[in-house]
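Working notes, structure below.
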Amino acid sequence: MARTERWSKEKAWEWYNSRPWIRGCNYMGSDCANRIDQWQEYGFEEKLKTADKEFALMEKIGYNSIRIIIEYEVWDRQHDGFMERLDRYLATAWSHGISSMIVLSNECSVRTPEFRPAVFGEQFWEWGFHGGREYKTWYQHGADNRYNLLDDPEVAPRYYEMVRELITKYKDDERVIVWNLMNEPGNGRASKSLPHLKKFFEIGREIDPIQPLTADVWRGMKNCRATTEIEQYSLEESDIISFHSYTSYDDNIRLIHQLKKLDRPAINTEWLHRFYQKLEEIFPLYFLEKIGCYQWGLVQGKYQTYEYSQATWQKYERDGYDAVKHIDFTKWCHDLYRFGGRFPYDPKEIEVIKKYTKMADKDFRDEQSDSGAIVTDDSL
């Protein structure tokens, strides 16, 4: 019988405590210009070889999970091949002890004037732009002008088919750790996608997978509530809490204080902005509080998320140096490793990651031993 409500707090904690501390990154291969590049047939064999090498880097430092965003247009136009490629991707990650959080939709998209239908094959990209290409539209905070394919009434039912197919296929698969139904719901769109998010939760609950369902709270919280309608819905309906925080250590302390009052497992699915955050402060904090965490990016590459956002540079071009002088542009924004993955951006960060992932795994083994559980290599 299909469930109609989110997991109980007891079930959520049972799921969360049955595995080691979840830590990893939002992953796109360094040779991918965008997510079409990541998932399409063209060039996939080489892309998978790159991913295999980069997953080995993650394994070496103690990361155990990736967050990957699915591209609907690849599923739609290259369906059978995409399903095979996704399975190989999951298998390759799993061979390094890495599970996958699958993101099924994404509100953090281009502005409506910039939208173009996907072009397959060789992907266009430019050096010097966060995200791999220049966007002309000036971003205005509060302007609800982002485009989502779900806005097309002919696409939405087909999109629901994708959500249903993927959750059904992997509903009992340990390689998939969480279903992240929507990335940054309401980003530049107010609550336009709320009916779709409700439908995604409905589909997920009907299938009732072994993995939790969640959608992100990404603009912070006040008095244990999200600041927008669609994010509050996410908070109230998610089995576990997923959130984003690119802000300071102090802000994270205050946010965690609120999250604890909600008494559900919490995972930060996006963090690490070096202007606001020091990895050597934030990562140990999440370890201490047992907050799962996926920082953004791994290896410097075509997608260029080590660069600052285009909105920052547009501000500099429009308003001059005084508008951005508080930013330390000598620091990378995201990513951990330099081109090719041979050397880290900052070796000190890597040592911090290795130190606390090792401690977390020892703690988990000790906890399982004390409880009488049998600890296998697969559980680590």
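The values are calculated or read from the model by the stated rules, or taken from the named source; none is laboratory data. This is a predicted model, so every value here is computed, not measured. Every residue, glycine as well, gets a Cβ built from its backbone with ideal geometry; the counts of neighbours run over all protein chains shown.
Being surrounded by 15 or more Cβ atoms within 10 Å (Cβ to Cβ), of a type outside the set (Val, Ile, Thr) and over 30 Å from ASP87 (Cα atoms) narrows it down to one of LYS171, LYS192, so name that one.
LYS192
Can you run down the residue pairs with Cβ atoms below 7 Å, 6 or more apart or on separate chains, where the first is in the stretch 341-356 and of a type in the set (D, E, K, R) and the partner is assigned to a helix (DSSP H, G or I)?
Going by the 7 Å Cβ cut-off, the qualifying pairs are LYS348/GLU280; GLU349/LEU279; GLU349/GLU280; LYS354/ILE61.
Condition test on CYS333, is it surrounded by 12 or more Cβ atoms within 10 Å (Cβ to Cβ), in contact with a strand residue (DSSP E or B) (Cβ under 6 Å, 6 or more places away or on another chain) and modelled with pLDDT of 95 or more?
no
Search the stretch 300-330 for residues being buried (at least 19 other Cβ atoms within 10 Å of the Cβ) and aromatic (Phe, Trp, Tyr), and hand back the single one that is farthest from THR50 (Cα to Cα).
TYR308
Show the residue pairs that are 6+ apart or on different chains and have beta-carbon atoms under 8 Å apart, the first residue being within the stretch 24-39 and free of Cβ contacts under 8 Å to residues at least 60 places away in the same chain and farther than 16 Å from PHE129 by Cβ, the second being surrounded by fewer than 24 Cβ atoms within 10 Å (Cβ to Cβ) and of a type in the set (Lys, Arg).
That search, which allows pairs on different chains as well, returns GLN38/LYS47; TRP39/ARG85.
Please count how many residues of the stretch 1-46 are of a type in the set (Phe, Trp, Tyr) and either surrounded by fewer than 17 Cβ atoms within 10 Å (Cβ to Cβ) or not in a loop (DSSP other than H, G, I, E, B) (or both).
6
Considering each residue of the stretch 246-273, count those that are assigned to a helix (DSSP H, G or I) and among the aliphatic types (A, V, I, L, M), and give that number.
Residues flagged as assigned to a helix (DSSP H, G or I) and among the aliphatic types (A, V, I, L, M) within the stretch 246-273 amount to 5.
How many residues are in contact (Cβ under 8 Å) with a residue 40 or more places away in the chain, under 20 Å from ALA156 (Cβ atoms) and surrounded by 15 or more Cβ atoms within 10 Å (Cβ to Cβ) when one looks only at the stretch 110-126?
Total meeting the criteria: 1.
Being surrounded by 15 or more Cβ atoms within 10 Å (Cβ to Cβ), out of contact with any helix residue (DSSP H, G or I) (no Cβ under 6 Å at 6 or more places or on another chain) and acidic (Asp, Glu) is the filter here; which residues of the stretch 60-91 pass it?
Answer for the stretch 60-91, where residues must be surrounded by 15 or more Cβ atoms within 10 Å (Cβ to Cβ), out of contact with any helix residue (DSSP H, G or I) (no Cβ under 6 Å at 6 or more places or on another chain) and acidic (Asp, Glu): GLU73, ASP76.
Given the criterion of a type in the set (S, T, N, Q), at pLDDT 95 or above and over 16 Å from TYR63 (Cβ atoms), identify the matching residue among GLN300, GLN295, GLN368.
GLN300
Got a sec? Which of GLN211, GLN140 is at pLDDT below 95, at negative phi and not charged (D, E, K, R)?
The unique qualifying residue is GLN140.
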